[in-house]
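Notes follow the structure.
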Amino acid sequence: MKSYISKVLGKFFNYRNEDIPSFLLHSLYHDGTYLPFTTSSLKFRSLACVCNDIVVNKREEYLEFGSGLSTIIVARLIKKNKLKTKITSIEEDLGWINLLQKIVDEEGLNDFVKFIHAPTTKSESIENSFEYNPASIKEQLPPAKKFDCVVIDGPAAWERHKLNSRVSNAAILEGRTASSCTIFIDNADRIGERKLVTILSAELSLKPLFIDPTFAVLVQGIHYNFII
């Protein structure tokens, strides 16, 4: 019973402080096709931090693991603020990409978004991990491109046999982050994501900051404050 109550309270408190962020994102959320907001979506506070970082730190190459609400919101932000930012979005589910691509097409956001379809395969080196297919990533993600804003919210990792699936994203990021870069990790309270935070922190010699218990950020280089 105690464990159940803790989970319920945790869910409630993790969604506190959402009023101001949701107000700030109001026009981006509602200016266009209705966007479904679910338990899989980034919280508004998390999304507001990402949008703040893109604007105040002039991020130009945005990479996300896991397409969704964030893809459209960031694309709308780029269009609204006339930014130079380009989105590279890696997603395992082709049907989901097609749904989002339809929104991108209808709203004239094609110049800002590139989807990479990378089905997941069982990892040979990490237990309980289904990683983005390495061949798909190698073929579609230019090795020389450096990203200055990264959001990790994929692949799916909520099932026990997939709980370490996002750990493999560290290998994809190796050599692909700019000297000034922000890396956001959602679901940072889960086992696999905690491992990912530890690995990236060690590789980049950075101390993670937890915006809330479920959302961690690593910041490399000089930057302006983007946290709400």
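The values are calculated or read from the model by the stated rules, or taken from the named source; none is laboratory data. What you see is a predicted model, and the numbers here were worked out from it, not measured in a lab. Methodologically, a virtual Cβ is constructed for each residue, glycine included, from the backbone with ideal geometry; neighbour enumeration extends over all protein chains shown. Keep in mind that these areas ignore ligands, DNA and RNA; they rest on the heavy atoms of the full protein, side chains included. Shrake-Rupley method; radii C 1.70, N 1.55, O 1.52, S 1.80 Å.
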Task: Neighbours by Cβ (under 8 Å, 6+ apart or cross-chain): first from segment 164-177, closer than 12 Å to F65 by Cα and outside any helix (DSSP H, G or I); second open to solvent by 30 Å² or more (accessible area, probe 1.4 Å) and aromatic (F, W, Y) - done: S165/F130
Task: Hey, R59 in a helix (DSSP H, G or I), in contact (Cβ under 8 Å) with a residue 60 or more places away in the chain and either in contact with a Lys or Arg (Cβ under 6 Å, 6 or more places away or on another chain) or within 30 Å of E174 (Cβ to Cβ) (or both) or not - done: no
TODO: Can you work out which of the residues in segment 95-137 that are assigned to a helix (DSSP H, G or I), out of contact with any Gly (no Cβ under 9 Å at 6 or more places or on another chain) and of a type in the set (A, V, I, L, M) is most open to solvent (accessible area, probe 1.4 Å)?
DONE: L99
- [ ] Only residues that are among the aliphatic types (A, V, I, L, M) and within 23 Å of C149 (Cα to Cα): list them for segment 87-102, please.
- [x] I87, I90, I97, L100
Task: Filtered residues of segment 78-89 (kept if open to solvent by 10 Å² or more (accessible area, probe 1.4 Å) and assigned to a helix (DSSP H, G or I)) - done: K79, K80, N81
Task: Test: E92 is touching a residue at least 60 places away in the same chain (Cβ under 8 Å) and surrounded by fewer than 21 Cβ atoms within 10 Å (Cβ to Cβ) - done: no
